[in-house]
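We did not get these values from a lab; they are worked out from the coordinates using the rules stated. As the structure is a prediction and not an experimental result, all values here were calculated from the model. FYI the Cβ positions are ideal-geometry reconstructions off the backbone, even for glycines, and counts take in every protein chain you see.
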Amino acid sequence: MPTWAQRSALVLAVLVGLAAAPGASDPAERNLEPVRIGTWVRWEGLKWGEGAAVVCQLASQPFSSLGPASERPQLTVERQPGGRVSVKLSRKSGYPPATKATLSLASASFAFSRGDSSAVAEDSGAVVSAMQAKMQAVARIVYPDGKRDIDTYSLRSFQAAYRAIEAACP
């Protein structure tokens, strides 16, 4: 299993690869080379873009996983221009149609909608607020064939990490 540093290097390599995409005309597409904002326990912060198109992202890997999936989802919180927030569970291979995903924080549970390679929180603002007050988040993925994955993420120092991306991407 890759180390945290190896996973971070992979995320960085993917983002750098996106920056080389030909024909980019949008400023955010022209300058996608990420800059590290910092690392907080199990969270890494990155920033990319220019001017009004700056995007910041926090990313974390699960510290505990149960279930058959060989590829574990990365939990990300992205702060986009204008302060818009998006919380995602992402895998390179994506999720099959009809996959159900939820993120539980103590007694609160949040639904996610399936996208191409990720599941996106239906109410990202509420998820971020809950994440700042809890110590862990549990993602539950139920596949169309009935198989289930459970991944647990540490939220230790998430609040400090989120404050840092708020400052970097107002």
Practice task
Compute the length gained on full extension between Q132 and F63: take 0.36 nm times their separation in residues and subtract their Cα-Cα distance, giving the result in nm to one decimal.
Solution key: 23.0 nm
Handout entry: All aspartates and glutamates inside 16 Å of K100 as judged from Cα atoms, apart from same-chain residues fewer than 8 positions distant
Key = D116, E122, D123, D145, D149, D151
Exercise for the section: Step through the residues of region 39-49 one at a time and calculate ³J(HN,Hα) from phi using the Karplus curve (6.51 cos²θ - 1.76 cosθ + 1.60, θ = phi - 60°), rounding each to whole Hz and writing x for Gly and Pro. Expected result: 10, 10, 6, 9, 10, 10, x, 10, 9, 8, x
Handout entry: Table column - 3J(HN,Hα) (Hz), region 52-66, Karplus curve with 6.51, -1.76, 1.60, x for Gly and Pro
Key = 7, 9, 6, 10, 10, 9, 9, 9, 9, 9, x, 8, 9, 9, 10
Completion exercise
For region 46-170, using Cα atoms only, the Rg and Dmax in Å read 14.3, 45
Handout entry: D145-A167 FRET efficiency (beta carbon distance; Förster radius 41 Å; 0.05 resolution)
Key = 0.40
Handout entry: Karplus (6.51, -1.76, 1.60) ³J(HN,Hα), θ = phi - 60°, over region 70-77, in Hz, Gly and Pro reported as x
Key = 8, 10, 8, x, 8, 8, 10, 10
